[in-house]
Amino acid sequence: MYNLINNIKELIYIYNRILIPTDGSHRSDEAIEKGVALAKSMGAKVTVLYVIPKTPIYAQYDFSGASYNAFLLEIEKFGIMMLDLVDERYADSGLKIETKIRKGHPSHEICTEAKEGIYDLIVMASRGLGEIQGYLLGSISSKVVKYSDCSVLIVK
Ligand SMILES: Nc1ncnc2c1ncn2[C@@H]1O[C@H](COP(=O)(O)OP(=O)(O)OP(=O)(O)O)[C@@H](O)[C@H]1O
Ligand SMILES: [Mg+2]
């Protein structure tokens, strides 16, 4: 009986730390909604992560030094505002949600955060802000599925 109860507990608490990357898109919002519900059902901890994308070197030539810095600041402000909104939205959810910002290439930073933070699940949307092409997965979600060490739940 004791073993049976422990086995059931293990099944229920299969994920303890869930990482939810967001780019602020409505698809991401849906993934946060699902990830938070899943975390609540399992008593897991949640971190919502935004990665300030590093622009490729060639793109930086289009900006003078000053305007490029202003552009980066705007992206950073967008990330902070968006994560503040996530904080507000889930303030009464009964779940403590941590928010975090990293800088770099989004898929690389998402996989690194998952590894460093010893997360056991990444929950993310299949597509995000750049939803123009007809592919099922975007460039970031497909790379995370490919390179992440931990399990990935793709919300469609
Ligand atoms: N900068 C980012 N920071 C955190 N998570 C991100 C970031 N960019 C994308 N993601 C995550 O990846 C998911 C899928 O987005 P992705 O960028 O792969 O698709 P897309 O924007 O539709 O297409 P693409 O960017 O390849 O043109 C997003 O919903 C979000 O969960
Ligand atoms: Mg994108």
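The values are calculated or read from the model by the stated rules, or taken from the named source; none is laboratory data. Note that the structure is predicted; figures quoted are calculated from it, not measured. FYI the Cβ positions are ideal-geometry reconstructions off the backbone, even for glycines, and counts take in every protein chain you see. Note: areas computed on protein heavy atoms with side chains; ligands, DNA, RNA excluded. Shrake-Rupley method; radii C 1.70, N 1.55, O 1.52, S 1.80 Å.
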Hey, could you check region 52-89 for residues that are more than 16 Å from ligand 2 (Cβ to nearest atom), hydrophobic (A, V, I, L, M, F, W, C) and modelled with pLDDT of 90 or more and say which is most open to solvent (accessible area, probe 1.4 Å)?
Met81
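In region 138-156, which residue that is touching a Gly at 6+ places or on another chain (Cβ under 9 Å) and away from ligand 2 (no atom under 11 Å from the Cβ) is least open to solvent (accessible area, probe 1.4 Å)?
First, pick out the residues of region 138-156 that are touching a Gly at 6+ places or on another chain (Cβ under 9 Å): 138-141, 153, 155.
From what is left, the residues that are away from ligand 2 (no atom under 11 Å from the Cβ) are 153, 155.
On the way: Leu153: 75, Val155: 15 Å².
Residue satisfying both the conditions and the ranking: Val155.
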Let me spell it out: the conditions are (1) part of a loop (DSSP other than H, G, I, E, B); (2) more than 12 Å from ligand 2 (Cβ to nearest atom); (3) out of contact with any Leu (no Cβ under 8 Å at 6 or more places or on another chain); (4) open to solvent by less than 50 Å² (accessible area, probe 1.4 Å), and Asp92 meets all of them except one. Which number is the exception?
(4)
Please enumerate the residues belonging to region 97-108 that are over 18 Å from Ile80 (Cα atoms) and open to solvent by 40 Å² or more (accessible area, probe 1.4 Å).
His108
If Leu49 satisfies every condition in (1) modelled with pLDDT of 95 or more; (2) within 16 Å of Leu129 (Cβ to Cβ); (3) more than 10 Å from ligand 1 (Cβ to nearest atom) but one, which is the exception?
(3)
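Scan region 109-135 residue by residue and report those that are more than 10 Å from ligand 1 (Cβ to nearest atom), free of Cβ contacts under 8 Å to residues at least 24 places away in the same chain and open to solvent by 40 Å² or more (accessible area, probe 1.4 Å).
Glu116, Gly134
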May I ask you to list the residues in region 95-137 that are of a type in the set (Gly, Ala, Ser) and either within 16 Å of ligand 2 (Cβ to nearest atom) or in contact with a helix residue (DSSP H, G or I) (Cβ under 9 Å, 6 or more places away or on another chain) (or both)?
Gly104, Ser107, Ala114, Ala125, Ser126, Gly128, Gly130, Gly134
